[in-house]
Each structure stands twice: as structure tokens, then as C-alpha cells.
Amino acid sequence: MLIDSHNRVIDYLRLSVTDRCNLRCNYCMPSEGINFVKKDKLFTLEELFTLSKIMVGQGVNKIRITGGEPFVRKNLMVLLRNLSTLEGLNDISITTNATLIGPHIDELKELGIKNINVSLDAVSKESFERITRRNEFEIVYANLLRLIKEGFNVRINFIVLDGQNTEDIIPILDLMQQYNVGVRFLEEMPFNGGSKKFNTINWTYENILNHIKATYSEIELLPSPKTSTSVNYKIKGHKSTFGLIPSFSRTFCGTCNRLRISATGDVVTCLYAKPSMNLRDILRGENIEENVIAHILKAVGSKAKTGFEAQELHSSVFDSSMTSIGG
């Protein structure tokens, strides 16, 4: 079992399989993109599975596959098939922009991979294309509806961007009210590859909630797991729910149970921290399991108590792009 120095059990791994993405969202990276790493610097699928197996052996029971965009990674389904065989791994989840998931939906269902987070920051085509710099809205929306109708546990991640998509907050709630889906509104974070700098935001989780309350008067606060990053609500008459994630305000840090490992092997104990070490060469060396465990224990032992504490130590982290650190 992995327990950090603040007595928190770390049982949730966010595992990035690629730093590449087929969209160019303006809050994530500059329009020209970033310098994506060369193939030999990425974990192979075999190394990703070996690492996952070791982590499950240390008590990790949930792995979320992230990117970049995970389905950009060639043969991703091979990894997912292997992960589905791991005893003790209770939850395999995926965060995706839903542009490429369509051909794999049936097999994902067969494998029991039912928890899918879809990144969707607008429900108007114009806003979507302005934010993503790509013409993919119809594909994304069609795949989203298919996932919902096929019975997947779908959560929509909507990052609230001042001056870009706030007019879509109410429409997405209206659009999803007939579906069993969770819409989660996230505060913007400054991990955009250095394309934008900010020390404060207008659309805090409190302001997002007040904006929603101005339209819907009957809103019920829902119970949430202790480790949840979102505060969750239900609007009277809606099948859907909505949540608020204070990703900039960081009110959930005290119960953090997460560890991130990037596609290149960086171990990231907090989004607001620099990588504490790299596992790639260790996965390609000798005594792999023993050495990986030793390094993971060291990283977990140095995990900051809060994102603010991590930020004080690593202010340059904001030069990173979200696609390179796994979301």
C-alpha cells in the first residue's frame, strides 16, 4: 500500500500514454503546438503494462488512461485488453476528447471499461472550433451521445474559460438534462505551454455556481466520496447532475489520493509540482520491480500536502502544457 507523509492512501494512478493530441485547445497549448517527444522517449505499451502491474501490486485499484489524447496512441486497445486482466484493478477509466473513440466503443464495453470522461468545452460549433482550433464538433457530439446511450458512465469535463465559453454553461446543462450524465465544470488552470499567464481567475467555482443558480432555483447538493475532486449537485427535473472542480482554488487537496505518471516516465505527485523523478530508464534496466517500487515510495513520501505548497516550490511548472503532464 502506498501512503504519503500526510497519511493519505495513494490508490489512484493517472497514466498518460502519449503527449500528442489531434486538437489544439487554446487553454492547453499554443496554436503551433508543443515539441512532442520522440517515440523512443515514450514508454512502450509493454512498459506501460509492466508499470501498471507493479502499481496494482502496491495497492493501486484505479487507473485512468490519459494523454494528450489517448486514442492517438497506436494499438492503445492492446494495453487496455491487458489491463482488464489485472486482478485487483477495479476501475479502468479513460479521459478523451471523443474524436477517435468511435471504432472502439463496442470493445470497451466488452472489456468492462465503462467510466469515460469526455472533454467538451462548448456545445455551439462556433465556440468549439474557436477553442479547439479544429473542425470536429459533430464527431465529438455523436460519439458522446453514443457513449451515453450505450450505458457508459459518462462525465463531461467543461473547463470554464473567461470570454470564450461561459455562454455555454447553461446550454450544456439544458442539453444534457434528459441523459444520465455528469457535467463537471472546471476552473481554468495555467498549464498552457506558456501561452498565457495569470495569477487569478474570474470564473471561480463559487462564481460558476452562482451563475447556474441564477437560472435554476432548485438545486440539491449531492453526497460525494471523500476523495472526490468535485462538489456535486442535481437540478430538480434533470436526470443529469453537475459538479464543480476547484482546480485553481484547490479546495480538495487535503484528501488527494492520486499519482500521475507521464508518457515519458515522469512521476508527478501534484499538478502544481515539477516531476519528482523519471522511471523510463528504470523500466529498461535490471531489477525492474524492486527499483520501481523504491522510487515510487520515495516520490509518494515527498508528496506536498496541497497544490499551494507544491506551487511555492515549483513556480516554473506553469510553463508546462497540460497535454505533456497527463491532464
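The values are calculated or read from the model by the stated rules, or taken from the named source; none is laboratory data. Since the model is a prediction, treat every value here as computed from it, not as a measurement. Neighbour counts are summed over all protein chains in view; Cβ atoms, including those assigned to glycine, are modelled from backbone coordinates with ideal geometry.
Before moving on, here are some points about what is shown:
- Enumeration of residues in the range 1-25 that are surrounded by 18 or more Cβ atoms within 10 Å (Cβ to Cβ), part of a loop (DSSP other than H, G, I, E, B) and either modelled with pLDDT of 95 or more or not acidic (Asp, Glu) (or both): 2, 8, 10, 11, 17, 18, 20, 21, 23, 25
- Given (1) within 17 Å of the chain's Cα centre (by Cα); (2) part of a loop (DSSP other than H, G, I, E, B); (3) closer than 27 Å to residue 253 by Cβ, number of the condition residue 99 does not satisfy: (3)
- Cβ separations smaller than 6 Å between residues 6+ apart or across chains give the following pairs from the range 190-205 residues that are on the phi < 0 side of the Ramachandran plot to residues that are of a type in the set (A, V, I, L, M) and at pLDDT below 90: 191/322.
- Number of positions in the range 235-251 that are more than 18 Å from residue 307 (Cβ to Cβ) and buried (at least 18 other Cβ atoms within 10 Å of the Cβ): 6
- Hey, residue 54 in contact with an Asp or Glu (Cβ under 8 Å, 6 or more places away or on another chain) and either under 24 Å from residue 155 (Cα atoms) or part of a helix (DSSP H, G or I) (or both) or not: yes
- Candidate set: the range 273-291, residues that are in a loop (DSSP other than H, G, I, E, B) and hydrophobic (A, V, I, L, M, F, W, C); chosen: the one modelled with the highest pLDDT: 279
- Residues that are touching a strand residue (DSSP E or B) at 6+ places or on another chain (Cβ under 9 Å), closer than 22 Å to residue 180 by Cα and aliphatic (A, V, I, L, M) are absent from the range 69-90 altogether.
- Taken together, 299, 294 contain a single residue that is among the hydrophobic types (A, V, I, L, M, F, W, C), at pLDDT 70 or above and touching a strand residue (DSSP E or B) at 6+ places or on another chain (Cβ under 7 Å), which is 299.
- Look at the range 71-89: where a residue is touching a residue at least 12 places away in the same chain (Cβ under 8 Å) and a partner is β-branched (Val, Ile, Thr) and in a loop (DSSP other than H, G, I, E, B), sitting 6+ places away or on another chain with Cβ atoms under 6 Å, you get 71/101; 72/18; 73/17; 73/18.
- Index of the failed condition, residue 102 passing every other in (1) closer than 26 Å to residue 29 by Cβ; (2) crowded, with 17+ Cβ neighbours inside 10 Å: (2)
- A single entry from 221, 186 fulfils the requirement of being under 27 Å from residue 6 (Cα atoms) and either of a type outside the set (D, E, K, R) or touching a Leu at 6+ places or on another chain (Cβ under 9 Å) (or both): 186.
- Top-ranked residue in the range 114-161 [being part of a loop (DSSP other than H, G, I, E, B) and in contact with a Ser or Thr (Cβ under 7 Å, 6 or more places away or on another chain); ranked as surrounded by the most Cβ atoms within 10 Å (Cβ to Cβ)]: 136
- Extreme residue, farthest from the chain's Cα centre (by Cα), among residues of the range 228-261 that are at pLDDT 95 or above and among the small types (Gly, Ala, Ser): 237
- Selection of the range 63-99 for residues being charged (D, E, K, R) and surrounded by fewer than 20 Cβ atoms within 10 Å (Cβ to Cβ) yields 74, 81, 87, 91.
- Hits in the range 180-190 - residues which are part of a loop (DSSP other than H, G, I, E, B), out of contact with any Asp or Glu (no Cβ under 9 Å at 6 or more places or on another chain) and either at pLDDT below 95 or basic (Lys, Arg) (or both): 189, 190
- Strands (runs of 3 or more DSSP E) enclosed by the range 205-265 - at least 2 residues per element that are β-branched (Val, Ile, Thr): 231-235, 241-245
- Count of residues meeting criterion [over 11 Å from residue 45 (Cα atoms), touching a helix residue (DSSP H, G or I) at 6+ places or on another chain (Cβ under 9 Å) and assigned to a loop (DSSP other than H, G, I, E, B)] in the range 60-89: 9
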